[in-house]
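The block underneath contains the structure these notes are about, expressed in structure tokens.
A short reminder: the numbers here are calculations on the coordinates, not readings from a lab. A quick note: this is a predicted structure, and the numbers were derived from the prediction, not measured. No Cβ is skipped: glycine too gets one built from the backbone with ideal geometry, and neighbour counts run over all protein chains shown.
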Amino acid sequence: PSAATKRPANAPRPGGQRTTLERKEDKGALWKPGPSAQIVGAESGDDLAHFIASRQSGLSIRAVRRALDAGACRVNGAVERFGSAIVRRGDVVEFFIPKKRPEDHDYEPERLIHDDDGIVVYDKPPGLAVVPPEARRWNLLDCLKKQFGELHAVHRLDADTSGLVIFSRTKLGADQLDEYFRDHRVKKTYLAIVRGHPRDSGIYRSYLVKVGEQKGHERWRSGRGPDAREAVTEWKVEERIGAYASLIEVSPQTGRYHQIRIHFSEMGHPVYGDRLYGDRRDPIHVTRHLLHAWKVKLPSPMGGRDLELKTRFPEDFTEAKGLLAKV
């Protein structure tokens, strides 16, 4: 964009949409710049991508823009993803060299949770789409097909949500599992690290409406309308983490798009790292939203007793807990 159309870092988007909230003191969003923070001086008026490239030797503008899109930069404590944002004298810019994620996930036997009863259940790492998306060529389904042959995905997780994903060995089995999901016979439990301290347990109920779509990502919120869909989220707190976070166990009673992330954002306790529904001012920096599909209970497609499956605790959750305990 031309200089006339560029905007200051963290400024509101046209039409009222913002990448961050206005700068204000918020005890639940305390940010302390780390040793990599840079203060804008003579570069005032430059765009963010060029400012970072000038301070990071060996990084091209293109590489910087990719890192920004992955949420690797904060300006005055708020995540800023637009390289065209204008920096001003005194702005504090902190840039994190993002961990490189492989463009092809290699099958890891230790992530296989279940291979029986006509299904395969795998512990998906964050950053990996379940099925072939438009913008990325790597995905879990193709990875597992190399190992197991015919497979059918019966549900989805967001790319940055980790945890249990169920695949059927056959099309007939997939149809049966689809019926289980429609009839609410599949019970899923998630772990999340959220901002602040919600009450010990509760149920949040609303109707969700779609309010936007961009780059293949939909955005929803609670509201009214002919297409509104009921969403019910039950939770209980597992652990209070320092002054600014809680580890919670979440049991969605419905399977609406982004419902956990939307509901906790609306309650004032956004999921850490959620750049879509949060305010991008978390007191620690994480590279994805901290939401993990932890447990699942479902009828066996082959008959017999229900299957109850669980994954391990995510490593990045452990790292985040350690950082949050020190804030």
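For the range 109-182, pairs of C-alpha atoms spaced more than 17 angstrom apart make up 40 percent of the total. Over the chain, the hull volume per residue, using the convex hull of the C-alpha atoms, is 152 Å³. Listed by Cβ neighbour count within 10 Å, with the fewest neighbours leading, Ile86, Ile97, Ile166 appear as Ile97, Ile86, Ile166.
For the residue pairs Lys188/Lys326; Lys171/Lys310; Lys236/Lys310; Lys146/Lys187; Lys145/Lys210; Lys187/Lys236, the alpha carbons lie more than 23 Å apart in Lys188/Lys326; Lys171/Lys310; Lys146/Lys187; Lys145/Lys210. Distance between the modelled labels on Arg229 and Lys32, one decimal in nanometres: 4.3 nm (7 Å Cα→Cβ projection). Between Lys187 and Ser57, the simple label model (points 7 Å from Cα in the Cβ direction) yields a spacing of 5.9 nm. Among Gly225, Gly268, Gly127, the largest mean-square fluctuation in a Gaussian network model of the chain, built with springs joining Cα atoms closer than 10 Å, belongs to Gly225. Stretching the chain fully between Gln176 and Lys145 yields a gain of 9.1 nm (0.36 nm per residue, less the alpha carbon separation).
Summary value for the range 33-182: 19 percent relative contact order, contacts being C-alpha pairs under 8 angstrom separated by 6+ residues.
3J(HN,Hα) along the range 283-291, derived from phi through the Karplus expression 6.51 cos²θ - 1.76 cosθ + 1.60 where θ = phi - 60°, amounts to x, 10, 9, 10, 9, 7, 6, 8, 10 Hz, with x in place of Gly and Pro.
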